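Quick notes on the structure that follows.
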Amino acid sequence: MAILFHIDMNCFYASVEQAINPALKGKPIAVGGDPKERRGVVVTCSYEARARGVYTTMRVTEARKQCPELIMLKPNFERYRAASNAMFTILREYTDLVEPVSIDEGYMDVTAIVHGADALNLAEDIQQRLKKELDLPCSIGIAPNKFLAKMASDMKKPMGITVLRKRQVEAVLWPKPVIEMHGVGKRTAEKLAAHNIKTIGDLAATSEVDMRAWFGKNGVRMREKAYGIDNRAVDPTSIYDTKSVGNSTTLSENILSERKLNDVISQLSQRVANRLQAKNLAGKTISIQLRSADWKQTTRSKTLVNAIYEQHDIAREAKELATKHWNGAPLRLVGVSISQVENRQQRMEQLDLFTFTDHVRDEPVMNIMNELRDKFGQDIIVRGVRVKKSTYDAPTSFSKDFLDDHRK
C-alpha cells in the first residue's frame, strides 16, 4: 500500500516574517495590502491574530478594529519564494517524488523509503528539520492517497502529524460537514445542501447515478473521495500542466462607464498576454468575470475556433463579452482569463483560405518580437497597445508561476 505525505506549512507568510524577525514571534501579525486602499485584505495571519478574531480575506481596516494591536506587514513575495524553495529542497533530500501544489504545500510519495510505523518517524524528522533549519512550522498528513493525506494534514495545526487510514473514513470523515471536504467550496456545498447532502456521510450515501445526474463527472469523483478513494499519483511534473491563465483586479473605485471598463480589460488582457507569452501558451476559451458592488457575480465565456495569445485578440474578445453581458451595474471586480491552453509550438492550427495569408504575413513579425522578448524581457515590445506598467506587474503570476523554480 502506498504511503503518501501532505506537507502543509502553517500560516506560511506570517511564519516566514516571524522567522526572519524573531521579535514578531508570539504577537498578532498579518500580511496583507495597504489599509488605505479598498482592496487591502489579510492574505494570511499568525495564530495569535486568529485567536483575536482576524482571518484570511478580512479587510485590513476590519482586522485592525477587531485586533487594535495587530501588526500589519506588506507582502514580500521574493522572501516567501526563497523560503518555499528552501522547504522543497529539504523535502527532495528524502525522495524525488515530491509534487508542489502551491507555494506552501506539497505531496511526497515515501512508499519506497519507509514501511509501516517508520512513516511516522520520517514525518517527525521532516517536521523537525523544517522547524530547526528554516524556523518554519508545518503539519503533515500521512495516508494511502492524496485526498486522505490532505484531509489528515488539516486535522492538527500547528505542528501536527496525523495518520488517516481508509478504514477510518467512516468514523473520522463521514460526520464532518461536507464543506470541510477537500475540493468542496462554498458554492458546491450550497448545491449539495439543496439535495439534502450536508455531511460527507450524506455524500457517501447518495447513489452514483444521482451524483452524476446532478454534478456530472465531478459528482462521481466527490462520491469516491467520500469513500476515501483517490487514485492520483504523486507527479513531480503535474504542476506545470497549466489549464488556464488569468488576471483580475479589485477596483479602488467602482466602474460606472463602459470606457473605464474597456480600459481595465485592456490592462488585464496585457497581463494575461504576458503570462501566456512567458509560458509559450495559447488558449481557445476566453472568459470574463464581473462582480458588482453588491457582490453579484457574472462569469461568461466564449470558445474560439483558433487559440489566441496576443493582447489585442484577448482584449477584443473580452470587451465583446463585457459589452454583451454587463448590465451597467457599478462594478467592483473585473477578471479576464484564457483556458483550454496549449503549447504554441505543439499547436497545429487548422488555417482556412481566408486566414492563411494573414498568418503568413504576421509570422516574420512575430518571430522578431519573440526574439526581442527572449533577449530583453517580455515587456520590451507589445503589439498595438501601450499600458502603464504597475510596480507589482510581472510576466507571470507569483502565486502559481513561482513553481517554475522547481523545473529541473
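The values are calculated or read from the model by the stated rules, or taken from the named source; none is laboratory data. As the structure is a prediction and not an experimental result, all values here were calculated from the model. Positions of Cβ are backbone-derived with ideal geometry, glycine not excepted, and every protein chain shown enters the neighbour counts. Surface areas here come from the heavy atoms of the whole protein model, side chains and all, with no ligands, DNA or RNA. Shrake-Rupley method; radii C 1.70, N 1.55, O 1.52, S 1.80 Å.
Quick notes on this one:
- A single member of Arg129, Arg221 is open to solvent by 80 Å² or more (accessible area, probe 1.4 Å) and under 28 Å from Asp235 (Cβ atoms), and it is Arg221.
- Subset of the stretch 49-69 that is open to solvent by less than 40 Å² (accessible area, probe 1.4 Å) and at pLDDT 95 or above - its residue that is nearest to Glu133 (Cα to Cα): Ala49
- Residue within the stretch 233-251 that is in contact with an Asp or Glu (Cβ under 9 Å, 6 or more places away or on another chain) and open to solvent by less than 30 Å² (accessible area, probe 1.4 Å) present: yes
- Output for the stretch 3-43, where each listed residue is surrounded by fewer than 17 Cβ atoms within 10 Å (Cβ to Cβ), modelled with pLDDT of 95 or more and under 16 Å from Pro75 (Cα atoms): Ile20, Asn21
- Filter result for Met72 (closer than 30 Å to Gly33 by Cβ and either open to solvent by 50 Å² or more (accessible area, probe 1.4 Å) or modelled with pLDDT of 95 or more (or both)): no
- Residue that is nearest to the chain's Cα centre (by Cα) [pool: residues in the stretch 294-340 that are surrounded by fewer than 19 Cβ atoms within 10 Å (Cβ to Cβ), over 26 Å from Ala278 (Cα atoms) and of a type in the set (D, E, K, R)]: Lys296
- Residues satisfying the criterion are absent from the stretch 59-68 (criterion: over 29 Å from Arg332 (Cα atoms) and hydroxyl-bearing (Ser, Thr, Tyr)).
- So Gly228, is it in a loop (DSSP other than H, G, I, E, B), closer than 30 Å to Glu48 by Cα and in contact (Cβ under 8 Å) with a residue 40 or more places away in the chain: no
- Taking residues in the stretch 72-100 that are closer than 28 Å to Gly40 by Cα and of a type in the set (D, E, K, R), and partners anywhere that are in a helix (DSSP H, G or I) and open to solvent by 50 Å² or more (accessible area, probe 1.4 Å), the pairs with Cβ atoms closer than 9 Å and at least 6 places apart or on different chains are Arg79/Ile20; Arg81/Asp405.
- Members of the stretch 40-68 that are free of Cβ contacts under 8 Å to residues at least 24 places away in the same chain and closer than 21 Å to Thr250 by Cβ: Gly40, Val41, Val42, Tyr55, Thr56, Thr57, Met58, Arg59, Glu62, Lys65, Gln66
- Neighbours by Cβ (under 8 Å, 6+ apart or cross-chain): first from the stretch 193-209, open to solvent by less than 50 Å² (accessible area, probe 1.4 Å); second hydroxyl-bearing (Ser, Thr, Tyr): Ile197/Thr206; Ala204/Tyr227
- Residues in the stretch 273-332 that are among the small types (Gly, Ala, Ser) and in a strand (DSSP E or B): Ala282, Gly283, Ser287, Ser292, Ser301, Ala307.
- Within the stretch 251-269, the residues that satisfy the criterion of being under 19 Å from Thr323 (Cα atoms) and either of a type outside the set (A, V, I, L, M) or modelled with pLDDT under 90 (or both) are Leu251, Asn254, Ser257, Glu258, Arg259, Lys260, Asn262, Asp263, Ser266, Gln267, Ser269.
Quick grid of which residues meet (1) under 14 Å from Met108 (Cβ atoms); (2) open to solvent by less than 30 Å² (accessible area, probe 1.4 Å); (3) of a type in the set (Phe, Trp, Tyr):
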position: Asn121; (1), (2), (3): no, no, no
position: Ile142; (1), (2), (3): yes, yes, no
position: Lys146; (1), (2), (3): yes, yes, no
position: Asp154; (1), (2), (3): no, no, no
position: Lys157; (1), (2), (3): no, no, no
position: Leu164; (1), (2), (3): no, yes, no
position: Ala171; (1), (2), (3): no, no, no
position: Trp174; (1), (2), (3): no, no, yes
position: Ile179; (1), (2), (3): no, no, no
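- Yes/no for Ser46 being at pLDDT 95 or above, touching a Cys at 6+ places or on another chain (Cβ under 6 Å) and surrounded by 14 or more Cβ atoms within 10 Å (Cβ to Cβ): yes
- Positions within the stretch 274-307 being touching a strand residue (DSSP E or B) at 6+ places or on another chain (Cβ under 9 Å), of a type in the set (A, V, I, L, M) and either at pLDDT 95 or above or closer than 15 Å to Asn247 by Cβ (or both), in sequence order: Leu276, Leu281, Ile286, Ile288, Leu290
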